[in-house]
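So the structure is just underneath, and the comments pick up after that.
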Amino acid sequence: MNKKMIEDFYTKKQPVEPAPPYSFCDTIELNTEHPIYKGHFPDMPVAPGVVLIQLIQNMLSDALGAPIRLRESDNIKFLAVVSPSVERTLTISGVFSKQGTRIETAATISGAQTIYVKFKGIFEIIS
């Protein structure tokens, strides 16, 4: 999946502000009318796990100012289902370390009172 495939899946509620070195934090609002929910699932729409990981990748890419791809994941925990009918506003935040093109990342996706995803993995900058 690439950034463009889900570009209308969400909108940023706040512009990307310069983050302290090696961290990022963005608030987004989910588009409840996105076609992905028609297949996942029509009667109870939920955000697919792969899309949630793509959100982390998108926000990290924006913070770095460079395109990246997921290289490996040490740990992904889906702690709760993201349903836009329950909670439309999410915060994606994380910290990272950069060694050349290798970006080690720990991130979370959360709502007002729920942590939905915990992620640890490695991305790499692509040229």
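Read-outs: derived from the displayed coordinates by stated rules, not from any lab. From a predicted model like this one, the values you see are computed outputs, not experimental measurements. Ideal geometry is used to build each Cβ from the backbone, glycine not excepted, and the neighbour counts take in all protein chains shown.
Overview of results
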{"quantity": "Residue 10 long-range amide H proximity, modeled H, under 5 Å", "calculated": "31"}
{"quantity": "For 123, 24, order by how many other beta-carbon atoms lie within 10 Å, fewest first", "calculated": "24, 123"}
{"quantity": "Whole-Å distance, taken between Cα centres, linking segment 24-41 and segment 71-101", "calculated": "14 Å"}
{"quantity": "Cα pair distances in segment 40-91, grouped into 5 Å bins until the bin that holds the longest one, percent each", "calculated": "4, 15, 25, 22, 16, 12, 4, 1"}
{"quantity": "Where Cα atoms sit under 18 Å apart: lysine pairs in the chain separated by 8 or more or lying on different chains", "calculated": "6"}
{"quantity": "Under-5 Å amide H pairs with residue 68, H placed in peptide plane, nonlocal only", "calculated": "126"}
{"quantity": "Amide H within-cut-off set for residue 82, under 5 Å, with H built and near neighbours excluded", "calculated": "47"}
{"quantity": "Exposed trypsin sites (Lys or Arg not before Pro) absent: longest stretch of the chain, with sites in DSSP loops and at most 16 other Cβ within 10 Å deemed exposed", "calculated": "14-87"}
{"quantity": "Computed log₁₀ I(q)/I(0) - Debye formula, equal Cα scatterers, no solvent, segment 3-125, q 0.21, 0.22 Å⁻¹", "calculated": "-1.25, -1.36"}
{"quantity": "Net charge of neighbours whose Cβ lies under 13 Å from the Cβ of residue 100, counting Lys and Arg as +1 and Asp and Glu as -1", "calculated": "+1"}
